[in-house]
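Accompanying notes for the structure given below.
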Amino acid sequence: VTHIHQLEDETMRRFEGKRVAITGAASGLGLALAKHFAMHGWRVALADIQDGEGEKALQTLPTLRADAFYTHVDVRRVEQIESWKAAIEARWGGLDILINNAGVATHGAIDEAPLEDWAWVLDINLMGVVRGCKVFTPLFKKQHRGHIVNIASMAGLVHSPEMGSYNASKAGVVAVSETLLGELGSFGVGVTVVCPGFFATALAKT
């Protein structure tokens, strides 16, 4: 385990000064990732809709080693993602990694869960990822480098009862990511999909 952590630290140090953008960065996995990248000297663009938490999150980053800023971004609003990208380009001249992490969840059997819940979850978890990929892909293609990381879930691979909307949204993220892997490889752009299990998060917070 120690050897693995040493390799990880060496890899991160090689990329000191690089630039990462993270949605859903005010809490949970997004915040943990932001802290990890900042600790290794990366420049970090945090995005979320929880502005109070987002500003607090920004203050927790080790900014003595890294440039970081927070932006209000609702991943349901493509114009907000576009404005965020423009701010990143203006500040840093480009981007190295985009992490589409923002997500929500609901619970209910198929005959009980409102269709409005399905629309809400799919719009954020799946279409939020699609919008992020669509907005940032032209920049990565122009650079001929970059990496997209889409946060799915084990629920995208193993489908528990009464979690239909969440399962479907995360399975969709896996499918989109695997599709983009084939589309973007020739442009020097990498794609990774991550399927974590359960951990402390603000996922259920509305």
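The values are calculated or read from the model by the stated rules, or taken from the named source; none is laboratory data. Please read these numbers as outputs of a predicted model, since none were measured by experiment. Cβ atoms come from the backbone with ideal geometry, glycine included; neighbour counts cover every protein chain shown. These accessible areas exclude ligands, DNA and RNA; they are computed on the full protein's heavy atoms, side chains included. Shrake-Rupley method; radii C 1.70, N 1.55, O 1.52, S 1.80 Å.
Sorted from longest to shortest, the spans of the Cα atoms of segment 95-161 along the three principal axes equal 47, 23, 13 Å.
Would you please name the trypsin sites (Lys or Arg not before Pro) within segment 57-97 that are DSSP coil residues with at most 15 other C-beta atoms within 10 Å of their C-beta?
Values: sites: Arg65, Arg76, Arg77, Lys85, Arg91; in loops: Arg65, Arg76, Arg77.
Hits after loop and neighbour filter: Arg65, Arg76, Arg77.
Pairs of alpha carbons in segment 131-174 separated by more than 13 Å make up 59% of all such pairs.
List the pair-distance distribution P(r) of segment 88-134, using every Cα-Cα distance, as the percent of pairs falling in each 5 Å bin from 0 up to the bin containing the longest distance, rounded to whole percents. For segment 88-134, the pair-distance distribution reads 5, 18, 20, 17, 13, 10, 6, 5, 4, 2. Secondary-structure-derived ellipticity at 222 nm for the chain, considering helices only, amounts to -15000 deg cm²/dmol, per-run term -39500 (n - 2.57) for DSSP H runs with n ≥ 4. Projecting the alpha carbon convex hull of segment 27-78 along each direction and taking the average yields 3.4 nm².
Just to be sure I understand the curve: with the Debye formula and one point per C-alpha of segment 148-195, what is log10 I(q)/I(0) at q = 0.26, 0.27 Å⁻¹? Each listed q maps to, in turn, -0.84, -0.88.
Set the Förster radius R0 to 25 Å, insert the Cβ-Cβ distance between Val194 and Thr60 as r into 1/(1 + (r/R0)^6), and round the FRET efficiency to 0.05. List each step's numbers first, then the result.
On the way: r = 22 Å, r/R0 = 0.89.
Approximately 0.65, to the nearest 0.05.
Springs between alpha-carbon atoms under 10 Å, Gaussian network over the chain: tell me which of Ala21, Ala87, Ala34 tops the mean-square fluctuations. Ranking Ala21, Ala87, Ala34 by mean-square fluctuation puts Ala87 first. Using a Gaussian network model of the chain in which every pair of alpha carbons under 10 angstrom is joined by a spring, one finds that among Ala66, Ala26, Ala113 the greatest mean-square fluctuation is at Ala113.
For segment 92-206, the Kirkwood hydrodynamic radius comes to 14.7 Å, computed from all pairs of different C-alpha atoms.
Could you do me a favour and compute the accessible area per residue for segment 111-203, 1.4 Å probe, result in Å²? Walk me through the numbers before you get to the answer.
Values: 4720 Å² over 93 residues.
Normalised by residue count, the accessible surface of segment 111-203 is 51 Å².
How large, in percent, is the carbon and sulfur part of the accessible surface of segment 51-129 at a probe radius of 1.4 Å? Please report the intermediate quantities before stating the final value.
Values: 2200 of 4000 Å².
Looking at segment 51-129 in its full context, I get 55 percent from C and S.
The distance linking segment 77-134 with segment 160-198 is 13 Å (Cα centroid to Cα centroid, whole angstrom).
Computed from the mean reciprocal separation of all distinct C-alpha pairs, what Kirkwood hydrodynamic radius does the chain have, in Å? It would help to have the intermediate numbers written out before the result.
Values: mean 1/r = 0.0575 Å⁻¹.
Value: 17.4 Å, from the Cα pair sum.
For the chain, the antiparallel share of DSSP beta bridges with both residues in that region comes to about 0%.
So which DSSP H runs in the chain come out at 20 Å plus along the axis (Cα) with average Kyte-Doolittle of at least 1.0?
Numbers: long enough: 78-92 (21 Å, -0.43); 127-143 (24 Å, 0.21); 164-184 (29 Å, 0.45).
Answer set is empty.
Using the Cβ-Cβ distance between Val78 and His144 with R0 set to 30 Å, the FRET efficiency works out to roughly 0.80. For the residue pairs Lys56/Lys142; Lys35/Lys141; Lys35/Lys56; Lys35/Lys142; Lys142/Lys170, the alpha carbons lie more than 22 Å apart in Lys56/Lys142; Lys35/Lys141; Lys35/Lys142; Lys142/Lys170. Counting 0.36 nm for each residue step from Ala90 to Phe187 and taking away their Cα separation leaves a gain of 32.6 nm.
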